[in-house]
1. Leaving ligands, DNA and RNA out of it, report the carbon-plus-sulfur percent of the accessible area of the stretch 1-118 at a 1.4 Å probe.
2. What size of dipole, in debye to the nearest 20, comes out for the stretch 1-127 about its Cα centre when the only charges are +1 on Lys and Arg C-beta atoms and -1 on Asp and Glu C-beta atoms?
3. Give, as a single signed number, the net charge of other residues whose beta carbon lies under 12 Å from the beta carbon of Glu73, with Lys and Arg counted +1 and Asp and Glu -1.
4. Please list the non-local residues whose amide H lies under 5 Å from the amide H of Leu103, H modeled 1.01 Å from N, same-chain partners needing a gap of 5 or more.
5. Test of understanding: extend the Cα→C-beta vector of His13 to 7 Å, then name every residue of the stretch 21-59 with backbone N under 16 Å from that spot.
6. Once phi is turned into θ = phi - 60°, what whole-Hz ³J(HN,Hα) does the Karplus curve with 6.51, -1.76 and 1.60 give for every residue of the stretch 48-60, x standing for Gly and Pro?
7. What does the accessible area per residue of the chain come to in Å², with a 1.4 Å probe and no ligands, DNA or RNA counted?
8. Compute the relative contact order of the chain as a whole-number percentage, counting only Cα pairs closer than 8 Å that sit 6 or more residues apart in sequence.
Amino acid sequence: MFKRIMVPVDLTHADRLQKALDVAGDLAAHYGAKLIYVGVSASTPSSIAHTPEEYGEKLAVFAKAKALAAGVEVESFPVITHDPAVDLDPALVKAVLDTDADLVVMASHIPGIADHFWPSNGGTVASRAKVSVMVVR
C-alpha cells in the first residue's frame, strides 16, 4: 500500500519524536516501505551542526540508527532553507514531492491556546500535501 514514508524530524528535539518514529517504523515494516527522514535546517551554524554538510551527515547517522532499530530501509533528505522557522511548512510540503513520498508520518504537540490562532505544522502539511498525512500525538 505504501512504498515511501516521509518522516519529518527535528534533530534538536529528537527525544520528543519517539512515538511518531515508532509508528513510522511499524508501518514501514508492515508494508515493506522505505522511510525517508526529512530534516529542515538553516545554512548558518546551529546547535546541531555548523554547516549544511555537517547537518546532512548527522541526519544520515540518525536515519541509519533508526533503520537498525526498525529493520527497514531508510534514506535521509536534508532541506536547507534561509529561515526554518518561517520556511518549515512549505519546505515539508515540497519535500513530499521531492522524495516521492506516498505517506507522511509526523509528530505533533499537545494543542494549546496558540493553536486557535496559528495552525500546527502537522495541520498545515496535512491540508497542503497531496498524500495522506498521519499526525501522531
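1. Its accessible area is 59 percent carbon and sulfur atoms.
2. Magnitude of the dipole: close to 280 debye.
3. Cβ neighbours under 12 Å give a net charge of +4.
4. The list, which skips near neighbours in sequence, is Arg4, Met6.
5. Counting backbone N atoms under 16 Å from the label point, the list is 21, 38-42, 47-48.
6. Whole-Hz 3J(HN,Hα) from phi for the stretch 48-60: 8, 8, 8, 9, x, 5, 5, 4, x, 5, 5, 5, 5.
7. 57
8. Once divided by the residue count of the chain, the mean separation gives 30 percent.
The values are calculated or read from the model by the stated rules, or taken from the named source; none is laboratory data. Not measured: the values here are computed from a predicted model. Every residue, glycine among them, receives a Cβ derived from its backbone with ideal geometry; neighbour counts consider all protein chains shown. Heavy atoms of the whole protein, side chains included, go into the accessibility calculation; ligands, DNA and RNA do not. Shrake-Rupley method; radii C 1.70, N 1.55, O 1.52, S 1.80 Å.
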